[in-house]
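Below you'll find the structure, written out as structure tokens, and then a few comments.
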Amino acid sequence: MVPDVPPPALRLRFDADALVSNWRALDRLSGSARAGAAVKADAYGVGAAKVVPALLSAGCRDFFVAHWSEVPAALEGAGKAGISVLHGPVTAGDATFARATGVKPVVNSLAQARLWIDAGGGPCDLMVDTGMNRLGVSLDDLGDPLIEALEVDLLLSHLVSAEEDTDLNERQRSRWQDARAQVRHARASLANSAGIALGEAFHGDLTRPGIALYGGVPRPEMASLLRQVVTPEAVILQVRDIAAGETIGYNATFTAPSPMRLGTIAIGYADGYLRCWSGKGGFCASGAALPVLGRVSMDLTVIDLSAAPHLREGDWVSADYALPESSAATGLSQYELLTLLSRRFGR
Ligand SMILES: *Cc1c(COP(=O)(O)O)cnc(C)c1O
């Protein structure tokens, strides 16, 4: 038998207060609409097991996952609150599972409507395509008797570029209004995080923030409302002093200009700390800035300990991981920066 495994040398620090504060800010900004929460992809890599119960106790009652495999984690945290599965029922097995768990499928096509009705139907959501051309029933198909036969709770559509000021936002809003006039439904929803900032006309009955809950800033005017939620942290595995002229890491991309003290830390690109941080990322400990030196490798990164020479093997350091700044520095999207961090982290 394998004895208990020691705690990992890297962890994702999670600020539950910041998460709840972000949800409340987005709920307020949604005006008379309520805010739900997109918790797909394990709550964007933050960890659905912690995120869902925290948002439930803050008052969130509508949760969105993408895959049926994500339902158990959401159910465990959300109990009887509404859970919607965005991919919808693709097989009869999906529909049976939805009926057995009381989770709502999001119907995305006439074929999915047929499948849901054949399985016995019940409350569902309906995604209408207003310009994304990804998932959703076309406006032309909304008069179909299959759609009429559905018991639609949320009538949804999804904005293509709510983080930009483009005519497309208004065009989609107007098509969504047309759909609302055509299909019987209990509630309507259009806005993702960025869409919430587009104003009341975009709010309907429910908004569906994702990235902004987790500290992403989709529009600059939302920056002051939102707080960082997760911070990657890693242990210093080795401290080493090198002489001027020595190089660091694969391909010797950094040469020490003077004697330096280095820390080798337990994080690398296999953990989602990608190679684009090479020579560019930063960590900190007790207020000191500790820049990344040379290439990030699979399991290890080397940082400069010059500003904090007291740090020892076993000490923890925190990555500079504010999402807007990290996105600007690396070219990765704020969404990728979060969902990448899902492997070896202790959560
Ligand atoms: C992911 C998703 C959201 C949340 O989007 P953010 O940009 O992260 O706020 C909302 N609605 C749908 C349909 C989604 O797929």
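The values are calculated or read from the model by the stated rules, or taken from the named source; none is laboratory data. Bear in mind the structure is a predicted one, so any value in this text is a computation, not a measurement. Note that we place each Cβ from the backbone using ideal geometry, even for glycine, and neighbour counts take in every protein chain shown. Protein only, heavy atoms only, side chains kept; ligands, DNA and RNA dropped before computing areas. Shrake-Rupley method; radii C 1.70, N 1.55, O 1.52, S 1.80 Å.
Descriptive notes on the structure:
- Ser30 being touching a residue at least 12 places away in the same chain (Cβ under 8 Å) and not β-branched (Val, Ile, Thr): yes
- Condition check for Ala81 on (1) more than 16 Å from the ligand (Cβ to nearest atom); (2) in contact with a Lys or Arg (Cβ under 8 Å, 6 or more places away or on another chain); (3) farther than 30 Å from Gly272 by Cβ: one failure, at (3).
- Test: residue in region 93-104 that is in a strand (DSSP E or B) and open to solvent by 10 Å² or more (accessible area, probe 1.4 Å): yes
- Scanning region 291-314 for residues that are under 11 Å from Thr264 (Cα atoms) and either among the acidic types (Asp, Glu) or open to solvent by 50 Å² or more (accessible area, probe 1.4 Å) (or both) yields Asp299, Leu300, Asp304, Arg312, Glu313.
- Checking each residue in region 203-220 for being under 17 Å from Ser327 (Cβ atoms) and either within 14 Å of the chain's Cα centre (by Cα) or away from the ligand (no atom under 11 Å from the Cβ) (or both) picks out Gly210, Ile211, Ala212, Leu213, Tyr214, Gly215, Gly216, Val217, Pro218, Pro220.
- Of the residues Ala191, Ala252, the single one that is within 13 Å of the ligand (Cβ to nearest atom) and either open to solvent by less than 50 Å² (accessible area, probe 1.4 Å) or more than 17 Å from the chain's Cα centre (by Cα) (or both) is Ala191.
- Residues that are over 19 Å from Leu337 (Cβ atoms), part of a loop (DSSP other than H, G, I, E, B) and within 11 Å of the ligand (Cβ to nearest atom), drawn from region 20-72: Gly36
- Cβ-Cβ distances below 6 Å connect the following pairs, each with a first residue in region 191-220 that is assigned to a helix (DSSP H, G or I), a second residue that is away from the ligand (no atom under 11 Å from the Cβ) and hydrophobic (A, V, I, L, M, F, W, C), and a separation of six or more residues or different chains: Gly195/Phe202; Ile196/Leu29; Ala212/Leu226; Leu213/Trp23; Tyr214/Val46; Tyr214/Val229.
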